[in-house]
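Everything below concerns the one structure shown next.
Any read-out appearing in this document is the output of simple, stated calculations on the displayed coordinates, not a laboratory observation. Everything numeric in this text was worked out from a predicted model, so none of it was measured. Using ideal geometry, Cβ is built from the backbone for each residue, glycine included, and neighbour counts are taken over all protein chains shown.
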Amino acid sequence: MVHGILLARVPAPDAEDLVQDVFLAVMDRLPALRDGGAFGGWLASIARSKAADHMRSRKWMVEVPATLAAAGPPAESRLEALRILACIQQLPEAYRETLVLRLVEGLTGPEIAEQTGLTSGSVRVNLTRGMKLLRERINVGKAP
Amino acid sequence: MKDDYLWDGSGEADPAVLRLESVLGQLRLKHSKAPVPRMRWIPGAAAACLLAGVALWQATSVPSPPDTAWKIGDRALTAGEVVITGAGETRSLWAEGFGQVELEPSGEMRISESRSGYHRFDLRAGTMHALILAPPGAFVVDTPSSRAVDLGCQYTLSVDRRGNGTLDVESGWVAFLHAGMESFVPAGARCLTTRDAGPGIPFFRDAPAGLAEAARRFAETRSETAMREILDNARKEDALTVWHVMTRTKGRQRGMAFERLTQLVSVPAEVTAERIERGEEAAIDLCWNALGLESAQWWRGWRRNW
């Protein structure tokens with residue numbers, strides 16, 4: 001979930017590095033968490049905050065960690081994935097996170113609600129509206 | 001229900017969602033660096049969740065890959081090399097995970113700078129197509145009259161032998177810069193650049209012909225006649241063009257552009273003509289926000305010259 005929340009807001013290579021920062025922050029702040037049942041929402045809020053800090057501190061000309069070249073699927077396929085991710089990152093904020101958690105991280109809507117602390121209704125609306133916008137932007141409904 | 005598959009994976013699978021899951025699933029976190037452990041007593045179930053997550057994350061750790069380099073085929077290119085295409089010949093350059101560039105026939109392009117996270121090309125002549133996946137600002141193309149800064153997108157840039165050029169953006173954004181002037185060009189828009197005047201006024205490619213022609217003349221001459229033609233021909237979606245006119249003018253002309261902008265989009269009441277004519281950055285910024293180009297918000301903050 002943490003990676004998905006970050007990936008909705010920052011470039012893909014940065015998201016992997018930021019996961020570490022989020023867990024370090026969690027370890028630092030965990031004693032302050034009073035309600036263990038709120039852990040998911042609390043963790044999500046730290047991830048969102050880290051992503052916002054990262055984007056604020058980022059200058060317009062930044063080093064790109066070259067992690068995209070990692071071994072894995074063929075470059076062509078990965079290029080397509082990154083292109084679609086870029087489209088998602090341009091959607092309104094409310095839709096980005098739920099779409100990334102659903103389509104990248106493979107969580108279901110109920111799981112997203114449970115883990116992020118959002119209501120099921122909000123997640124469902126965000127998924128439906130976000131998917132509609134995404135279809136319009138990338139013509140995903142058409143044959144590949 | 002129609003979106004049941006999107007919601008919880010039940011019901012009839014939506015082919016579009018299936019395809020997105022398949023393509024995007026490869027971006028799922030597979031490798032990362034191990035966190036620096038810190039000894040601390042962590043109570044309760046929260047600790048169990050956290051430690052389980054960290055353990056899973058450490059178990060999939062792999063080393064970082066090498067730096068990005070541009071290549072033609074398997075041959076790596078270095079800074080200073082010039083790529084030239086003959087008549088009927090095209091060249092494709094690519095950098096793993098960073099992007100692809102194709103140079104059309106009769107083109108000339110120099111790799112001016114190439115280092116991790118920052119690549120600068122010099123397009124001297126011809127047409128290039130770029131698909132860039134890197135973060136904004138990481139890929140720059142100089143032309144004789146403007147610098148194109150990629151803001152995460154796909155675009156085509158052409159330069160003629162006189163050094164004039166045309167930029168067509170297909171997706172994302174490109175910033176066109178020269179001598180303190182900036183043009184922000186979104187998907188579907190075009191921006192001309194000339195040796196004499198630098199980056200022009202962007203307009204959408206489906207804009208009325210009168211507006212496109214007036215934008216060209218206004219960029220070169222700053223004539224009030226051309227400006228009035230832009231304002232008169234502007235549709236709601238041409239507010240982007242009107243905003244750029246507003247930032248390239250001063251005093252009364254800026255006030256005229258602002259007035260037209262308020263007819264096209266909903267500008268907050270706190271933004272007054274006086275503030276705009278005084279050139280208050282915050283007010284001009286609010287006008288930009290009124291364009292509804294929200295996708296630009298996260299990068300727009302890095303620099304403002306208006």
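Read phi for every residue in segment B:93-105 and hand back ³J(HN,Hα) as whole Hz from Karplus 6.51 cos²θ - 1.76 cosθ + 1.60, θ = phi - 60°, with x for Gly and Pro.
These are the phi-based 3J(HN,Hα) values: 10, 8, 9, 3, x, 10, x, 9, 9, 10, 9, 6, x Hz.
Let me know the shape class of segment B:105-198, please: from the alpha-carbon gyration tensor, a ≥ b ≥ c as square roots of the eigenvalues, rounded when a/c is under 1.5, otherwise prolate if a/b is greater than b/c, or oblate. Write down the numbers at each step before the final one.
Details: a/c = 1.37, a/b = 1.14, b/c = 1.20.
It is rounded, given that a/c, with a ≥ b ≥ c, falls under 1.5.
Please arrange B:Lys236, A:Lys50 by counting, for each residue, the other beta carbons lying within 10 Å of its beta carbon, fewest first.
On the way: B:Lys236 9, A:Lys50 23.
So the ranking, lowest neighbour count to highest, is B:Lys236, A:Lys50.
Under 4 °C and 1.567 mPa s, how fast does segment B:198-245 diffuse according to Stokes-Einstein, given a Kirkwood radius computed over C-alpha pairs? Answer in µm²/s, whole number. Walk me through the numbers before you get to the answer.
Numbers: Rh = 10.1 Å.
It diffuses with D of about 128 µm²/s by this estimate.
List, in order, the whole-Hz ³J(HN,Hα) value for each residue of segment A:93-106 obtained from phi through the Karplus relation with A = 6.51, B = -1.76, C = 1.60 and θ = phi - 60°; use x for Gly and Pro.
3J(HN,Hα) across segment A:93-106, in whole Hz: 3, 4, 8, 4, 5, 5, 5, 5, 5, 6, 8, 8, 7, x.
Around B:Phe121, under 9 Å between beta carbons, what's the net of Lys plus Arg minus Asp minus Glu among the other residues? Could the numbers behind the result be given before it?
Numbers: positive: B:Arg110, B:Arg120; negative: B:Glu113, B:Asp122, B:Asp142.
Neighbourhood net charge equals -1.
Between B:Trp70 and residues 5 or more places away or on another chain, which pairs have amide H atoms under 5 Å apart, with H built 1.01 Å from N, and which residues are they?
B:Leu77
Find how much the distance from B:Asp3 to B:Glu280 grows on full extension, using 0.36 nm per residue of separation minus their present alpha carbon separation; answer in nm with one decimal.
Details: separation 277, 0.36 × 277 = 99.72 nm, distance 4.69 nm.
Full extension from B:Asp3 to B:Glu280 adds 95.0 nm.
Label-point separation (nm) for B:Thr272 and B:Ser116, each offset 7 Å from Cα along Cα-to-Cβ?
The modelled label-to-label distance comes out at 5.3 nm.
Can you tally the net charge around A:Ile112? Count Lys and Arg as +1, Asp and Glu as -1, for every other residue whose Cβ sits under 13 Å from the Cβ of A:Ile112.
Numbers: positive: A:Arg96, A:Arg102, A:Arg124; negative: A:Glu97, A:Glu105, A:Glu111, A:Glu114, B:Asp8.
Net charge in that neighbourhood comes out at -2.
With each pseudo-label sitting 7 Å past Cα toward Cβ, what's the B:Ala87-B:Glu220 distance in nm, one decimal?
2.8 nm
Local charge sum around B:Ser158 (other residues, Cβ-Cβ under 10 Å, Lys/Arg +1, Asp/Glu -1)? Mind dumping the intermediate values first?
On the way: positive: none; negative: B:Glu104, B:Asp160, B:Asp168.
Net of charged neighbours comes to -3.
If you filter segment B:140-229 for trypsin sites (Lys or Arg not before Pro), then keep DSSP loop positions with at most 16 other Cβ within 10 Å, what is left? It would help to have the intermediate numbers written out before the result.
Details: sites: B:Arg147, B:Arg161, B:Arg162, B:Arg190, B:Arg195, B:Arg205, B:Arg216, B:Arg217, B:Arg222, B:Arg228; in loops: B:Arg161, B:Arg162, B:Arg195, B:Arg205, B:Arg222.
Answer in residue order: B:Arg161, B:Arg162, B:Arg195, B:Arg205, B:Arg222.
Based on C-alpha coordinates, I'd like the Rg and Dmax of segment B:209-300, in Å.
12.5, 35
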